[in-house]
Amino acid sequence: MAGRLGPPRLPATPYGQGAEAAPSLADILERVLDKGVVIAGDIRINLLDIELLTIKLRLLVASVDKAKEMGIDWWEHDPSLSSRARTRAVQDDDVERSLTEENARLRAEIAALRARAEDRSVDG
């Protein structure tokens, strides 16, 4: 009778028959990076119903391409992570410095014009 029923079968797994069909760590990592995973959580420390500290944690695990597809590209603008961002930061700093100098020069000119206008109104 055992011969008619065939060999014993292994129980079905979510990944198919047998252990060889289970995905490898590389397959799982590829799926996670392709789809992206978000982990979010809050930590709150209270003492007698007084909130002392709140920490909000957000973690996104995704490939660079997937992150860009979602509109996330902060690493491209962080000077500590990108040489292009460092160059832009130096240029922006130069622009900001020149704007600050121009602002100070214009304020001095306005003050001089106001002083002249007051002198004319006192004389006239």
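The values are calculated or read from the model by the stated rules, or taken from the named source; none is laboratory data. Given the structure is predicted, the values throughout are model-derived calculations rather than measurements. Quick reminder, even Gly has a Cβ in these numbers, built from the backbone with ideal geometry, and neighbours come from all protein chains shown. These accessible areas exclude ligands, DNA and RNA; they are computed on the full protein's heavy atoms, side chains included. Shrake-Rupley method; radii C 1.70, N 1.55, O 1.52, S 1.80 Å.
Quick notes
- Eligible aspartates and glutamates near residue 35 by straight Cα distance, threshold 20 Å, same-chain separation 8 or greater: 27, 65, 69, 73
- Per-residue HN-Hα couplings for region 103-109 [Karplus 6.51, -1.76, 1.60; θ = phi - 60°; Hz; x = Gly/Pro]: 4, 5, 4, 5, 4, 5, 5
- Solvent-accessible heavy-atom area per residue, rounded to whole Å², over region 17-124 at 1.4 Å: 87 Å²
- Volume of the Cα convex hull of region 27-124, divided per residue and given in Å³: 227 Å³
- Farthest toward positive dipole pole in region 20-124 [+1 Lys/Arg, -1 Asp/Glu at C-beta], among 100, 87, 50: 100
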